[in-house]
Amino acid sequence: MALYRLSDVKPGYPIGQFKVVKVYPEGRGGMARVIRSVPKREKGSEVALKISRVGGPNQQFFFAAIQKEIEILQKLDHRGVVKLERVSGGKNPYKERAIEIEGSPWFFGMECLRGGSLEGYIRTLGSLKLVEAAAICHRVGITLAYIHQQGFAHNDVKPDNILFRSPLKVGQGYDPVLIDFGVAAKLIKQQLDGSVVYMAPERLQESRDPSPPELVQRYDPAKADVWSMGILLYRLI
């Protein structure tokens with residue numbers, strides 16, 4: 001099969017050791033695309049592949065973001081954090097280059113989360129009951145506390161980045177999973193990527209401050225995640 005563009009990927013197309021099953025409409029972020037796949041040569045569970053975008057002046061930034069996300073996820077082991085899946089037999093089995101796609105972008109594999117996104121539930125059902133919203137935020141908060149204890153901040157907590165392993169059902173427990181660690185960072189590193197609506201005001205101020213970096217008052221990334229949690233709860237109710 002000839003090389004194809006990432007924007008043209010369709011079910012049945014090959015990517016490394018996998019073949020495409022479904023292209024997620026919601027999995028078309030600014031830095032990468034997410035697709036559902038299965039192993040080509042043997043029966044196995046479906047794997048969600050996250051593929052870096054290629055082309056344009058930001059290509060190296062996109063590649064670096066994918067590499068960083070893989071490194072961070074390899075250091076996190078918590079039920080509330082999406083789990084990596086092996087995609088190659090190389091030195092690092094969790095990453096590979098898609099030589100079938102123009103530009104040979106990097107990609108990695110994650111568990112398939114079939115329960116949909118929190119954003120999808122909000123758009124379909126509208127506001128949640130306070131007890132439901134509190135339960136979901138409580139679980140996400142526990143996950144964030146773990147991430148902070150490991151020395152990282154997520155930097156982009158929002159409904160789009162909270163998925164579920166199974167569909168939400170009345171009366172059952174909630175099992176939210178944080179995804180998209182492409183703009184996550186070490187707590188000692190200042191970073192201004194992320195979604196503006198859920199961003200803490202001190203992060204926004206720093207992005208607009210014309211002062212030299214050494215004179216800018218640094219924000220606490222962990223506290224900025226907590227701010228985003230507050231906006232999330234407000235959005236849910």
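The values are calculated or read from the model by the stated rules, or taken from the named source; none is laboratory data. Fair warning: this is a prediction, and the values are worked out from it, not measured in the lab. Neighbour counts run over all protein chains shown; Cβ positions are idealised from the backbone, glycine included.
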Which listed residue is assigned to a helix (DSSP H, G or I), under 22 Å from Ser7 (Cβ atoms) and not hydroxyl-bearing (Ser, Thr, Tyr), from Ala133, Ala64: Ala64
Residue pairs, Cβ under 7 Å, 6 or more apart or interchain, first in region 80-99 and under 11 Å from Ile15 (Cα atoms), second of a type in the set (Gly, Ala, Ser) and outside any loop (DSSP other than H, G, I, E, B). List them. Val87/Gly109
Of the numbered conditions (1) modelled with pLDDT of 90 or more; (2) not in a helix (DSSP H, G or I), Tyr121 fails exactly one; give the number of that condition. (2)
Suppose we filter region 148-172 for residues that are touching a Phe, Trp or Tyr at 6+ places or on another chain (Cβ under 9 Å) and of a type in the set (A, V, I, L, M, F, W, C); how many remain? 4
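Rundown of residues vs (1) out of contact with any Cys (no Cβ under 6 Å at 6 or more places or on another chain); (2) surrounded by 14 or more Cβ atoms within 10 Å (Cβ to Cβ); (3) not assigned by TED's automatic domain parsing to the domain that holds Glu102, yes/no style:
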position: Lys10; (1), (2), (3): yes, no, no
position: Val23; (1), (2), (3): yes, yes, no
position: Val34; (1), (2), (3): yes, yes, no
position: Pro39; (1), (2), (3): yes, yes, no
position: Ala48; (1), (2), (3): no, yes, no
position: Ala64; (1), (2), (3): yes, yes, no
position: Ile70; (1), (2), (3): yes, yes, no
position: Leu76; (1), (2), (3): yes, yes, no
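The rows are residues; the columns are (1) touching a Gly at 6+ places or on another chain (Cβ under 7 Å); (2) within 23 Å of Arg53 (Cα to Cα); (3) not assigned by TED's automatic domain parsing to the domain that holds Ala184.
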site	(1), (2), (3)
Trp106	no, yes, yes
Thr124	no, no, no
Leu128	no, no, no
Ile136	no, no, no
Asp156	yes, yes, no
Pro159	no, yes, no
Ile162	no, yes, no
Arg165	yes, no, no
